[in-house]
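Colleague: Got a structure for you, questions after.
The values are calculated or read from the model by the stated rules, or taken from the named source; none is laboratory data. The model shown is predicted, which means the values in this text are computed figures rather than measured ones. Cβ: placed from backbone, ideal geometry, glycine included. Neighbour counts: every protein chain shown. Note: areas computed on protein heavy atoms with side chains; ligands, DNA, RNA excluded. Shrake-Rupley method; radii C 1.70, N 1.55, O 1.52, S 1.80 Å.
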Amino acid sequence: MKVKKHIFVYTMLVCLLGSSPLLAQQYEDYFQVKAVPDTTSIRLGEQVNISVTAKVMLYALKGASLKVVFPNLPDSLNHLEVVSRTPLDTAGSNSQQKLWKQTITLTSFDSGRWELPPMKFEVFSVTDGSYDSVFTEPIIIDVTTVAVDTSKAFKPIKPLRRVAWNLLDYWPWLLGILLLVTGVVLYFVYWRKRKPAPKPPPAQPLRSPYETAMDELAQLGKDKPWNTDVKLYYTQLTDILRQYFEQQFHIAALEQTSAELLQNIKPVTVLNQQRDKLQSILTLADLAKFAKLQPSPQEHEDCLQKAIAVVEWTKPAAAPAPEPDSTNQKK
């Protein structure tokens, strides 16, 4: 009996040992990962595209729910730099298999032979919570420099070449400027048609400086502002005379003091003849405005009459009337 028992145990061990490679082979068939480069030899700065795929055979895992996690490469590793990663592509999947694809682009700026280590894929079973990892084969990439012929002399740097100016290169800008100018012109033309030009105000009849001064002096005599404000009265009185002198004789009377005004009227004969009256008016006005003198009502009336007399004396002579046409009279 003991001998038969030992023979049975040995037979079972041999069967298990013989069947383990088959199980491992089946496992490899169920989960397949690959990393295949399009080239293994590049020059400095060139790029190599690595096609990474993961495949799960669904027909052998009926009812199982699996999740595959792709490797997360750092941006730089072992003199190799990751340029870009494409999104995961599931094209090729069907009811029999689940396929994931991704392309990783690498480059290097260091010459030499560099190894991309095995990339780790993680497989989770959502059904029972089991976990496993699968690795790709390492990839060797040779990075070479550009061959330089040291026997030849160095060439100078070439100057910049100017491109010939072409009007068609700027057509978007020219079209935009043309449209802008056209829009502005059309706007003003349309606006002018819609909004008629305002009518000019009716021309006011021209009045001579003499008529203006006499009207203002007459209004001053009617208002009699000296009854309420003596300083205001003499200010208005002298301003009327000064404006009359500026308009009639072109003397800057408004900008001059009383003494300067009396001095500058000497060349004007008709005005200098009324020097005494004008001096009396200006002196009394300065005392009332600046020395707070209170003239009598008779002096107020007297200054106004003197101002009227000065304007009357210096008024321009009336233009002679045109003589009648003798030819028309004969007819």
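Colleague: From the list 109, 70, pick out the single residue that is surrounded by fewer than 13 Cβ atoms within 10 Å (Cβ to Cβ) and touching a residue at least 24 places away in the same chain (Cβ under 8 Å). Full working, then the answer.
Modeller: Numbers: 70 fails: surrounded by fewer than 13 Cβ atoms within 10 Å (Cβ to Cβ).
Within the list 109, 70, the selection yields 109.
Colleague: Contact list please: Cβ distance under 9 Å, first residue in region 28-47 and more than 10 Å from residue 144 (Cα to Cα), second residue assigned to a strand (DSSP E or B) and of a type in the set (Asp, Glu), pairs at least six apart or on different chains.
Modeller: 31/132; 40/142
Colleague: With among the polar types (S, T, N, Q), under 27 Å from residue 298 (Cβ atoms), open to solvent by less than 90 Å² (accessible area, probe 1.4 Å) and assigned by TED's automatic domain parsing to the domain that holds residue 310 as the only criterion, which of 238, 228 stands out?
Modeller: Details: 228 fails: open to solvent by less than 90 Å² (accessible area, probe 1.4 Å).
Result of the check over 238, 228: 238.
Colleague: Can you tell me which residue within region 52-98, out of those that are at pLDDT below 85 and small (Gly, Ala, Ser), is farthest from residue 42 (Cα to Cα)?
Modeller: 63
Colleague: Can you confirm whether residue 308 is surrounded by 13 or more Cβ atoms within 10 Å (Cβ to Cβ), assigned by TED's automatic domain parsing to the domain that holds residue 229 and at pLDDT 90 or above?
Modeller: Details: surrounded by 13 or more Cβ atoms within 10 Å (Cβ to Cβ): yes; assigned by TED's automatic domain parsing to the domain that holds residue 229: yes; at pLDDT 90 or above: yes.
It is true that residue 308 is surrounded by 13 or more Cβ atoms within 10 Å (Cβ to Cβ), assigned by TED's automatic domain parsing to the domain that holds residue 229 and at pLDDT 90 or above.
Colleague: Quick check on residue 255: is it out of contact with any strand residue (DSSP E or B) (no Cβ under 6 Å at 6 or more places or on another chain), at pLDDT 85 or above and either surrounded by 11 or more Cβ atoms within 10 Å (Cβ to Cβ) or not charged (D, E, K, R) (or both)?
Modeller: On the way: out of contact with any strand residue (DSSP E or B) (no Cβ under 6 Å at 6 or more places or on another chain): yes; at pLDDT 85 or above: yes; either surrounded by 11 or more Cβ atoms within 10 Å (Cβ to Cβ) or not charged (D, E, K, R) (or both): no.
Against the criterion (out of contact with any strand residue (DSSP E or B) (no Cβ under 6 Å at 6 or more places or on another chain), at pLDDT 85 or above and either surrounded by 11 or more Cβ atoms within 10 Å (Cβ to Cβ) or not charged (D, E, K, R) (or both)), residue 255 does not qualify.
Colleague: Same structure, new question: What are the residues in region 259-302 that are part of a loop (DSSP other than H, G, I, E, B) and either touching a His at 6+ places or on another chain (Cβ under 7 Å) or over 14 Å from residue 313 (Cβ atoms) (or both), if any?
Modeller: Step one: list which residues in region 259-302 are part of a loop (DSSP other than H, G, I, E, B), which gives 265-268, 273-274, 291-296.
Across region 259-302, the qualifying residues are 266, 267, 291, 292, 293, 294, 295, 296.
Colleague: Pairs only if they're at least six apart or on different chains, beta carbon under 6 angstrom, first in region 86-97 and open to solvent by less than 90 Å² (accessible area, probe 1.4 Å), second modelled with pLDDT of 85 or more and polar (S, T, N, Q); list them, first residue then second.
Modeller: Every condition considered, the pairs that remain are 86/102; 86/103.
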